[in-house]
Structures are given as structure tokens and as C-alpha cells.
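Below: one structure, written as C-alpha cells.
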Amino acid sequence: MSVLKSQQFLSIIFDHKQPSVIERIDTDKLAKIKENRKRLVPIIQCILLCGREEIPLRGHLDFGKIVVDDINSREGKFRAISKYRAIGDEHLKNVLEGCGKRNKYTSPIIQNQIIEACNKIILKQIVDKVNSSKCFSILADETTDVATKEQLSINVRYVDDDDLLHEDFLQFFEINSLTGSSLASSILNGLNDCGIDFNHLYGQGYDEASNMAGKFNGFQALIRDTHPKALYVHCSAHSFNLAVYTSSDIKSVRNCLGIVERLYVFFNTPKRKNELINEIENSDSIPSSSARTLKRQCATR
């Protein structure tokens, strides 16, 4: 027995005919990592598909055992897409239907972690483009979500290396106060967390609320105290909205908008809508257009 062990030792150390214990451990570890990645790749691709097509991942039956061949069960979109993809893919089918819960990578916790990883990758790509542009503006507004929490949305407007104008969304940041100083600190901290270089901040665009556009204590004024090159410009879309709102007090404009609204209500039936479309398509006097439906006026605008 001792002779056999000595021969085995010599074959490992000098002849290299057999891998050492450390090499075996490393090899098994690499094989395990490769297997886990092979399991994780289709899960990531399904989540990316849902995100690209704006499909909600989870439903009211997003738990329990997964049976690929069961086409009658109603589950969340992510589980349904994963099952459909597993048809013809024996490896993925074995992963989804196999024993254990931790090695399937389908739980909501894993989904959220993958989404957060995608968020960091996309955010870094946008930030790199913004910083390389050497000139950008920030656009911000706050709104209340369905959970009655105030969210501050931050966007950036910049020109890329090909002289193309871009306007990209960065992040939502939860805020607890709507004062100008609180908003200023929130947006500066948020941009700093994203990795934005403030030395290239040349513009600001918000609505005309006092906490945003105030001359002394407004958000834009506090930003200019630390970044004087960041000129404030009132949001053009909001200016147009205010102009329409103000002009609605004029009788002729108010009557015109009322007629447009009544026309929408009149044609908002299947029979009348079909007659309108036929008239548009068969008439030579009406300019050609791809529009085939009337748009209703926004109730709050």
C-alpha cells in the first residue's frame, strides 16, 4: 500500500500524469461555475426579452413547480416564456423541472438582481456617453407613484460624438420633501451616484413651479450657486401647455376646442368611425395621411 501511494505521489509531482488535489478542486470549481452560467444564460435572456417588450414578469401564479409540458396553467409571463423556450431544449427543461429551488434561478429575488445588474450596465453606458460629450443639460420633474411616494425623475440631454442629439432617462429617486433645497440636494446626489461629471453641466430644464424655478430659493437657483454655467430654461412642452390652458379662456378658442371634443364623441362609434375612414380613403380632396382615428383631448390639459 505504501509503495502504491509513493508511486502515485511521484506521478503527480514529477511526471504530471495525474492532477494534484488543488488542480482537481479548481477544475471542479470551474466546471461548477460553467454549469451555473449555462443555467443562468437562458434566464437572463428571458428577462431581457420581457424588459425590451415591456412585459411584466410576474403574475398571480408565479410560484410552485414548473412543468414544461403543461400548457393549460396560467402563470406569470416570465415563467410562461421560460417554459416555451424549454420546449426542445432538454438542458433548460431539466433545469426548470429538476429538484431543488436554489439552482433554478427563477425566483423573484434572482429576477430583481438580474434587473438591477442590467440597470447598472445600461446606466454606465449612458453616463460614459454623457461625460464624453463634454456638454449636457439635466431635465427633472417630480411625480407621485401608485404607492403615494414622491419620485424625482432625472433625464439628461446631450450631443454624442456623431453630433446627434440624445435625451436619455437616468433614474428615479425617492424624495421626502419638495422644497428647492431638498430637490437640489437630491438631484446632485443622484447625479453623483450615477457618475456624472458636473464640470460639463451647462443647462437645466424644469417647469415653472416656485420650488423649481424660484429666483432665490428655487431648485435652479441653488444649482447655479455651485454650477454657474448651468443656465435655466423653462420646459418648452410645459410652456406650450400653459399657453393652450391660458388661451382656453378666450371664447373663440374655447368654442373650437369644444367642437373638436364633440366631433370625437360623435364619431366614437363603430358605424360612424367606419364611415369616416371610408370617406377619408375614397376622397380625392382630403390629403393622404396614415392617421385613421380621432384623438381625444387630455382631460387635464
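The values are calculated or read from the model by the stated rules, or taken from the named source; none is laboratory data. Computed from a predicted structure; not experimentally measured. Neighbour counts are summed over all protein chains in view; Cβ atoms, including those assigned to glycine, are modelled from backbone coordinates with ideal geometry. Protein only, heavy atoms only, side chains kept; ligands, DNA and RNA dropped before computing areas. Shrake-Rupley method; radii C 1.70, N 1.55, O 1.52, S 1.80 Å.
Odds and ends about this structure:
- Among the criteria (1) under 30 Å from Ile122 (Cβ atoms); (2) out of contact with any Ser or Thr (no Cβ under 9 Å at 6 or more places or on another chain); (3) at pLDDT below 70; (4) not β-branched (Val, Ile, Thr), the one His16 does not fulfil is (1).
- Taken together, the criteria place Ser137 among residues that are over 18 Å from the mean Cα position of the chain (by Cα), under 22 Å from Ser236 (Cα atoms) and of a type outside the set (Lys, Arg).
- Residue, most open to solvent (accessible area, probe 1.4 Å), within the range 125-143, restricted to residues that are farther than 21 Å from Asp163 by Cβ and charged (D, E, K, R): Asp141
- Of the listed requirements (1) exposed (fewer than 12 other Cβ atoms within 10 Å of the Cβ); (2) in a helix (DSSP H, G or I), Val146 misses just one: (2).
- Yes/no for Gly205 being under 18 Å from Phe136 (Cα atoms) and at pLDDT 80 or above: yes
- Checking Ile81 against (1) in contact with a Cys (Cβ under 6 Å, 6 or more places away or on another chain); (2) more than 23 Å from Glu54 (Cα to Cα); (3) not polar (S, T, N, Q), the condition it does not meet: (2)
- In the range 114-155, the residues that are β-branched (Val, Ile, Thr) and under 18 Å from Phe219 (Cα atoms): Ile138, Thr143, Ile154
- Residues of the range 151-169 classified as farther than 18 Å from Leu191 by Cβ and either open to solvent by less than 40 Å² (accessible area, probe 1.4 Å) or aromatic (Phe, Trp, Tyr) (or both), total: 1
- Filtered by the rule that a residue be open to solvent by less than 50 Å² (accessible area, probe 1.4 Å), over 21 Å from Val130 (Cα atoms) and among the β-branched types (Val, Ile, Thr), the range 172-197 gives a lone residue, Ile175.
- Sub-6 Å Cβ pairs linking a first residue in the range 252-269 that is surrounded by 13 or more Cβ atoms within 10 Å (Cβ to Cβ) to a second residue that is hydroxyl-bearing (Ser, Thr, Tyr), at least 6 apart or interchain, are Val253/Ser247, ordered by first then second residue.
- Among the residues of the range 27-76, just one is over 23 Å from Glu116 (Cα atoms), acidic (Asp, Glu) and either at pLDDT 80 or above or in a helix (DSSP H, G or I) (or both), namely Asp28.
- Just one of the listed residues (Ile114, Ile122, Ile109) is open to solvent by less than 30 Å² (accessible area, probe 1.4 Å), modelled with pLDDT of 80 or more and over 25 Å from Lys229 (Cβ atoms), and it is Ile114.
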